[in-house]
Every structure is written in C-alpha cells, then in structure tokens.
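The values are calculated or read from the model by the stated rules, or taken from the named source; none is laboratory data. Everything numeric in this text was worked out from a predicted model, so none of it was measured. Note that we place each Cβ from the backbone using ideal geometry, even for glycine, and neighbour counts take in every protein chain shown. Heavy atoms of the whole protein, side chains included, go into the accessibility calculation; ligands, DNA and RNA do not. Shrake-Rupley method; radii C 1.70, N 1.55, O 1.52, S 1.80 Å.
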Amino acid sequence: MIEWGQWGEKSLDFILTPTEKDARINILEGSVRSSKTVTMIPKWIEYIRKGPKGLLLMTGVSKDTIYDNVLNDFFDTIGEENYKYNRNTGELTVFYKYNENGHIYSGKRRIKVIGAKDEASEKYLRGKTIAGAYCDELSLMPEKFFKQLLNRMSVKGAKLYGTTNPDTPFHYLYTEYITSDVKIKSGMVKIWHFGLEDNPNLSDEYKDFLRGAYRGVWFDRMVLGLWVMAEGRIYDCFDDDNLFDDAGTPSWLKTKASRYIACDYGTTNPMVFLDIYDDGDTIWIMQEYYYDSRKKGRQKDDIEYVNDLKEFLNGEYPRFVIIDPSAASFKIILRNNGFRVKDADNDVKGGIRMVSSLIVQKKIKVHKGCEYLRKEFSAYVWDEDARVKRGIEQPLKQNDHGCDALRYYVKTNVAKRRLIG
C-alpha cells in the first residue's frame with residue numbers, strides 16, 4: 001500500500017469537498033511535483049464509489065503513461081484485492097465498500113482505460129455513454145478528443161477530473177476553459193492552481209534541484225506553473241559545459257555504459273546517426289554520421305546506409321537503433337542485417353522539454369568532434385511565423401536532423417525519474 005505523506009491545505013480543500021459539489025469540469029494545473037496527481041487519486045476513488053452509475057473512463061497520452069503516472073499509485077492505494085485490470089485491453093474493474101450513516105454499501109465499477117495520443121483517438125469514444133472521466137496530462141489531449149469526451153458524458157451528474165502542466169497560452173484548454181470567466185462563473189469549470197509550495201513533502205533541497213533542472217520557457221512552465229509561449233533558440237541552455245573531448249572521456253565508458261544508435265532517417269533530407277553511450281545518469285554522444293544528399297549530389301539507398309552504419313560502428317552492434325516509426329523500409333533492412341530496432345516516441349514538445357532538462361543538468365555530453373550537432377544546437381529555433389500568425393508552438397523545420405535524432409533517443413529511452421531525481 002502507498003504511504004501518504006503530509007497533505008497541503010489546497011489538496012485537503014479539494015479532496016474534502018464532496019463530489020456532488022464539484023463542477024462538471026475540474027482541473028488541477030500548475031508546477032511539476034506540486035502534488036496534483038496524488039491529490040486527484042482520493043477524489044477519483046470517492047467518485048468511483050459515489051458518482052452516478054455507468055461507465056467511467058481514464059485517459060491520457062497512452063495506456064502505458066496512464067499506468068506509470070496514475071494507476072500504479074491508484075492500485076497501491078485501493079489494494080490488489082480490490083481491482084482487476086487487463087493492461088492489453090484497458091478493462092478495469094474496481095470493487096469497493098463504504099460506510100455511510102451506519103449502512104455499508106458495496107459494489108463494483110467498470111472503468112475503461114484508453115490512450116488519446118492524436119485526433120484519431122476520438123474513435124475510441126464513439127458509441128459510449130460515460131458517467132465520469134479521469135484525464136491525465138490534459139494539455140496533451142487533442143481538442144477533438146476532449147470535446148467528444150465532454151459530449152459523451154451524458155449521464156446526469158457526470159464529471160471530469162483532469163491534471164495538467166502548463167502549455168502555450170494559445171492552447172484550447174487555457175483559452176476556452178481555464179481562463180473562461182463565463183464557464184467558471186456558471187459553475188461548469190473549477191480550476192485549482194498548484195505550485196511547489198503546495199506540496200509540503202518537498203524538501204528545500206529538492207525544490208532547489210527542480211529550479212535548477214529547467215531554464216527559459218520550461219522553467220516558467222514546469223517550476224512556476226505559467227502558461228507562456230516558447231520563442232527564440234530552443235536549446236539556449238546548451239553551452240561549453242555540455243562538451244567533452246577524448247581526454248575528458250571516462251575510461252570506463254565503453255565497457256560499462258549501454259550503446260545505442262539514434263537515427264533521423266532521410267533520403268532527400270540528411271541521414272543522421274548519433275552514437276550514444278548511456279551510463280544510466282549521463283548521455284554521451286561520441287560521434288555522428290551525417291550525409292546530406294543535396295550537398296553530396298547523390299542519394300544513397302537503404303542498403304548503402306546500412307553498410308555505412310556497419311562501418312560507422314566498426315563491426316559492433318548497439319543495444320538498439322532508435323528510429324522514427326515512419327522509416328518502414330529502412331527498419332526492415334536493419335533487422336535483416338542483425339540490428340535490433342525500436343520505434344521512437346515522436347512527441348515533439350515532450351521530447352524537447354526532456355532534452356532541455358538534461359542539458360541544463362549537464363546530463364547530455366556531446367563530443368567536440370560532432371560538428372553538425374553542435375551547429376544545430378545554436379541554430380535550432382521555434383517557428384516565429386507559426387507563433388505570431390497561428391498561435392502554434394512548433395520548431396522551425398531547419399537545422400533539426402541531429403536534434404531530432406537526440407530527441408528520439410531521450411523521449412524513447414530515458415525514464416522520467418532521471419529528469420526529476
């Protein structure tokens with residue numbers, strides 16, 4: 001069973017408010033590690049027991065992220081004898097009892113756990129009548145999915161409970177719900193903003209660590225809990241302290257660290273391989289392969305690139321080649337040549353945030369000989385035109401091939417615990 005720490009006043013106020021007095025949409029937003037998720041779990045348990053009857057939903061970016069972020073603690077809280085969960089299908093049944101006015105009530109609730117990684121995920125909601133929902137990482141939920149979910153919550157008294165870190169101030173969640181005076185005054189929406197000081201279980205030392213783990217827009221969002229726009233250089237935190245040379249290479253690195261290749265696949269665009277050694281604490285980028293067919297005047301085929309990779313690795317094999325899932329033909333040829341391949345998690349903003357945090361902590365080290373990647377770090381910028389004209393936050397698709405390969409590796413293979421201690 002999970003061991004609860006001390007509750008903050010804001011958490012207690014939210015938890016102790018009866019669910020029947022909650023709004024239709026209830027959002028806990030703010031800093032990382034500010035106790036949003038742990039505060040939401042007791043509320044959700046109460047809603048499972050006393051909310052209106054019918055199908056409940058738990059959703060997030062994927063079933064795996066929901067399991068890691070929420071269900072682990074949720075299951076520890078209610079005890080293994082009080083639930084059955086099929087991780088493949090997302091079918092969850094919760095068994096419960098509670099005592100009210102001397103009467104013992106018992107029952108069970110069916111909950112469907114689904115991912116909402118893109119607009120197409122909306123199809124999983126079709127035909128469902130939903131009595132309540134728990135939404136993890138709400139700002140990462142596609143707008144079409146979120147609004148379809150609200151439409152499907154047609155059971156009388158149905159409520160949505162969500163947690164989120166901040167995003168761009170142009171985000172639909174911020175403009176249409178969090179800052180909507182009409183929806184808030186009508187009682188449709190309630191917002192609770194959480195900061196680091198709202199979690200009494202964080203030591204001053206740990207809060208100082210968090211403040212030092214982010215810079216720029218990510219500091220404003222993850223530490224201060226502000227909905228601000230990203231602009232300028234994406235990795236402005238990269239400096240000489242993130243570089244190393246042969247003399248600065250640990251003598252044990254190649255024997256004790258795990259080796260990976262991160263690949264940004266290109267035909268007309270450059271093909272990039274990053275040779276990565278990961279010791280479980282720091283990511284060491286030892287060398288790079290960069291072939292730009294436009295500048296070279298000749299395109300290579302997949303077989304030639306595999307042969308180049310073999311030569312690049314000097315006949316050795318990495319633990320995995322991590323590559324964009326869309327590179328279907330190249331993945332087949334890699335596997336046919338004995339390479340183990342892992343599809344990359346192509347969450348752009350989530351990956352950029354993770355890379356930025358590791359750079360700030362000096363947990364990403366780049367060999368001085370990686371000239372193309374070093375140049376990209378200084379030239380990789382947010383798309384100013386998209387920001388100004390459309391309110392969209394995205395990188396400019398230039399000088400990004402090595403940066404994309406690194407992002408693939410970090411988002412796919414680095415555990416979140418390495419970012420937050």
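Summary table below
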read-out: Selection from Ser326, Thr255, Gln299 lying farthest towards where the dipole of the range 213-364 points positive, charges on Cβ; value: Ser326
read-out: Cβ charges +1 (Lys, Arg) and -1 (Asp, Glu), total dipole of the chain, debye; value: 1680
read-out: Built amide H within the under 5 Å cut-off of Val341, gap 5+; value: Val321
read-out: Whole-Hz couplings from phi, Karplus 6.51/-1.76/1.60, listed for the range 274-285; x for Gly and Pro; value: 10, 8, 10, 10, 10, 8, x, 10, 10, 9, 10, 9
read-out: The range 269-351 - convex hull of alpha carbons, volume per residue in Å³; value: 119
read-out: Whether the range 314-360 is rounded, prolate or oblate, judged on the alpha carbon gyration tensor where a/c under 1.5 counts as rounded; value: oblate
read-out: Convex hull volume per residue in cubic angstrom - Cα atoms of the range 110-197; value: 123
read-out: Gap separating the Cα centres of the range 152-221 and the range 331-356, nearest whole Å; value: 30
read-out: ³J(HN,Hα) computed for each position of the range 128-134 - Karplus, 6.51 cos²θ - 1.76 cosθ + 1.60, integer Hz, glycine/proline x; value: 8, 10, 10, 9, x, 8, 10
read-out: For the range 1-157, diffusion coefficient by Stokes-Einstein and Kirkwood Rh (Cα), 25 °C, 0.890 mPa s, µm²/s; value: 150
read-out: The range 263-323 - share of DSSP beta bridges that are antiparallel (%, nearest 5); value: 90
read-out: From phi via Karplus (6.51, -1.76, 1.60), per-residue ³J(HN,Hα) for the range 54-69 in Hz, x at Gly/Pro; value: x, 5, 9, 10, 10, 8, x, 4, 8, 4, 5, 5, 5, 4, 5, 7
read-out: Alpha carbon convex hull of the range 203-299, volume per residue in cubic angstrom; value: 173
read-out: Placed amide H near Leu226: partners under 5 Å, 5+ positions off or other chain; value: Arg221
read-out: Positive minus negative residues near Ser329 (Lys, Arg vs Asp, Glu; Cβ under 15 Å); value: -2
read-out: Cα gyration tensor, the range 156-231 - rounded (a/c under 1.5), prolate or oblate; value: oblate
read-out: Binned Cα-Cα distance frequencies in the chain - 20 Å width, integer %; value: 24, 52, 23, 2, 0
read-out: Along the chain, longest interval not containing exposed GluC sites (Glu not before Pro), exposed being DSSP loop plus at most 16 other Cβ atoms within 10 Å; value: 4-230
read-out: Pairs beyond 21 Å (Cα-Cα), from Lys10/Lys349; Lys256/Lys331; Lys53/Lys190; Lys117/Lys183; Lys50/Lys97; Lys117/Lys147; value: Lys10/Lys349; Lys256/Lys331; Lys53/Lys190; Lys117/Lys183
read-out: Per DSSP, loop chymotrypsin sites (Phe, Trp or Tyr not before Pro) in the range 165-222 with at most 16 further Cβ within 10 Å; value: Phe170
read-out: Probe 1.4 Å, protein heavy atoms only - accessible area per residue of the chain in square angstrom; value: 47
read-out: Kirkwood Rh (inverse of mean 1/r, distinct Cα pairs), the range 326-421, angstrom; value: 15.1
read-out: Selection from Val38, Leu57, Leu28, by position along the positive dipole direction of the range 7-69 (Cβ); value: Leu57
read-out: Global form of the range 1-78, assessed from the alpha-carbon gyration tensor, a/c cut-off 1.5; value: rounded
read-out: Share antiparallel - DSSP beta bridges, the chain, percent rounded to 5; value: 45
read-out: Leading residue at positive end of dipole, the range 13-164 (Cβ point charges), from Phe75, Val94, Thr129; value: Thr129
